[in-house]
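Below is one structure, written out as structure tokens; the observations come after it.
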């Protein structure tokens, strides 16, 4: 992830380790995409707060493929270039459900620590 330059929308947010896997899985829930498409979708969906660089994205895609959570096939982009296209497997969909559940527990726990009065603590 690359930090954002000061300006509209504040600084970009650094991701916790493992968060990129969750975000990629969630992004692919919308359908098959190549690496550039995944990076662009993450950037757009996060309202420019997250910028995934190739040095982070492609190792994550390889890791997810090795775990059989995604599969890759070769295809041609809209710009008529060869690229690997990634899509979510059934195993990846199950993992996404687990990851989202864990993420929600984590964010609730952090919210308790950061603002105990607002959360009734």
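Set the Cα radius of gyration of the range 19-114 against 2.2 N^0.38 Å, with N its number of residues, and you get 1.14. For the range 38-121, calculate the relative contact order in percent as a whole number, restricting contacts to Cα pairs under 8 Å that are 6 or more residues apart. RCO, the range 38-121: 16 percent.
The ranking of 42, 70 by Cβ neighbour count inside 10 Å, starting from the fewest, reads 42, 70. Simple spin-label estimate for residue 115 and residue 91 gives 4.0 nm between the two label positions (7 Å along the Cα-to-Cβ direction from each Cα).
Bear in mind these aren't lab numbers, they're just calculated from the coordinates by the rules spelled out. The model shown is predicted, which means the values in this text are computed figures rather than measured ones. Neighbour counts are summed over all protein chains in view; Cβ atoms, including those assigned to glycine, are modelled from backbone coordinates with ideal geometry.
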